[in-house]
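Working notes, beginning with the structure itself.
Throughout, read-outs are computed from the coordinates displayed, never taken from laboratory work. A quick note: this is a predicted structure, and the numbers were derived from the prediction, not measured. Because the Cβ atoms are built from the backbone with ideal geometry, glycine has one as well, and the counts that use them run over all protein chains shown.
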Amino acid sequence: MIGRVCLRGCIAGVATGLVGACGVLHAAAESVRRPAVVAVCTPCHGVDGRGVNVEIPNLAGQPGIYLREQLLAFRSGTRRHPQMKGLARSLNDREINALVGYFSILPPP
């Protein structure tokens, strides 16, 4: 009986910790500083990383590795898109890192 009580207490503690961690992550996303380079993305992807229409992908909440790979592919020309071609080629590694860091921690739509 004591073991079950301890187990229930542990499970409740873990659940409470997970809920608290989710709240912390959401608060961190809301308080993150927006890098200046995000202004390049906002006409199409918005400040919050949500595409302005159905043909423009959402960036908010995408995995960082995915965002980085796509930006690098646009920059190198292995992925083609008329607007992204010029934009991505103008980005340096530090700017790409800033974009990835910003959009990947925003809550997904």
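Laid out as a table, the results:
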| quantity | calculated |
| --- | --- |
| Extreme residue, farthest from G101 (Cα to Cα), among residues of the stretch 54-68 that are surrounded by 14 or more Cβ atoms within 10 Å (Cβ to Cβ) and out of contact with any Asp or Glu (no Cβ under 8 Å at 6 or more places or on another chain) | I56 |
| Residues being farther than 22 Å from R89 by Cβ and in contact (Cβ under 8 Å) with a residue 40 or more places away in the chain - total across the stretch 41-70 | 6 |
| Residue list for the stretch 76-102, filter: surrounded by fewer than 11 Cβ atoms within 10 Å (Cβ to Cβ) and either touching a strand residue (DSSP E or B) at 6+ places or on another chain (Cβ under 7 Å) or among the basic types (K, R) (or both) | R80, R94 |
